[in-house]
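Worksheet for the structure shown next.
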Amino acid sequence: MSLRTVLLGLMLTLIALFAALNWPAIVAPTQINLLVAEAEAPLGLVLLAFLAVEAVAFLTYIAVMQAQRLSDARRLMHEAREQRELAEKAEASRYTELRRWLEQELSALRQDVSTVSGEVVAQTRRLDEGLRQAINDNGNGLAAALGEIEDKLDRQAQANPSSIVSTTSSP
């Protein structure tokens with residue numbers, strides 16, 4: 001229960017208690033001026049009726065204001081929900097677009113990596129073949145040089161057999 005409701009109920013209770021305690025004075029007939037005529041009626045009862053009409057009008061005004069506030073709150077909640085849904089859809093589309101872009105970039109990167117790795121493998125094969133050829137050429141050149149050295153040694157051994165023995169026996 002809100003403070004306003006408690007205060008309103010307390011005020012109505014006090015007015016009802018005041019009216020009950022002073023009922024004989026409220027219903028006592030008196031001369032009343034109605035602007036266009038005069039009449040004899042209980043002034044307290046007339047004032048009490050005006051107070052009741054005013055209270056009903058005030059409560060009706062409060063109820064209408066509360067209904068308008070509730071209607072506005074519902075409308076604002078509905079608009080906020082729609083805006084939130086729009087924002088979520090926009091965010092989802094951004095995520096989808098980001099995912100698509102990342103997939104394209106990853107695909108291009110994979111393609112670049114496969115191209116580069118193919119080039120590296122081809123270059124490695126060329127270098128391997130060149131290295132094998134160089135080793136083979138060096139081996140052949142070395143074999144030819146050793147063959148020439150053997151030939152020179154054989155010729156020298158035939159021409160001077162004692163020099164070879166002394167060359168091989170020296171430390």
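The values are calculated or read from the model by the stated rules, or taken from the named source; none is laboratory data. A quick note: this is a predicted structure, and the numbers were derived from the prediction, not measured. Don't worry about glycine lacking a Cβ; one is built from the backbone with ideal geometry, like all the others, and counts go over all protein chains shown. Keep in mind that these areas ignore ligands, DNA and RNA; they rest on the heavy atoms of the full protein, side chains included. Shrake-Rupley method; radii C 1.70, N 1.55, O 1.52, S 1.80 Å.
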| Among the residues of the range 6-42 satisfying the criterion of being open to solvent by 60 Å² or more (accessible area, probe 1.4 Å), farther than 15 Å from Ala52 by Cα and among the polar types (S, T, N, Q), which is farthest from the chain's Cα centre (by Cα)? | Gln31
| Could you list, in sequence order, the residues of the range 123-163 that are of a type in the set (Gly, Ala, Ser) and modelled with pLDDT of 90 or more? | Gly130, Ala134, Gly139, Gly141, Ala143, Ala144, Ala145, Gly147
| Any chance the range 47-60 includes a residue that's within 30 Å of Met11 (Cα to Cα), free of Cβ contacts under 8 Å to residues at least 60 places away in the same chain, open to solvent by 60 Å² or more (accessible area, probe 1.4 Å) and hydroxyl-bearing (Ser, Thr, Tyr)? | yes
| Given (1) modelled with pLDDT of 90 or more; (2) open to solvent by 70 Å² or more (accessible area, probe 1.4 Å), number of the condition Ala67 does not satisfy | (2)
| message | Filter the range 3-19 down to the residues that are modelled with pLDDT under 90 and farther than 16 Å from Phe58 by Cβ and list them by number. | response | Ala16, Phe18, Ala19
| over 30 Å from Phe18 (Cβ atoms) and modelled with pLDDT under 95 - does that describe any residue in the range 43-55? | no
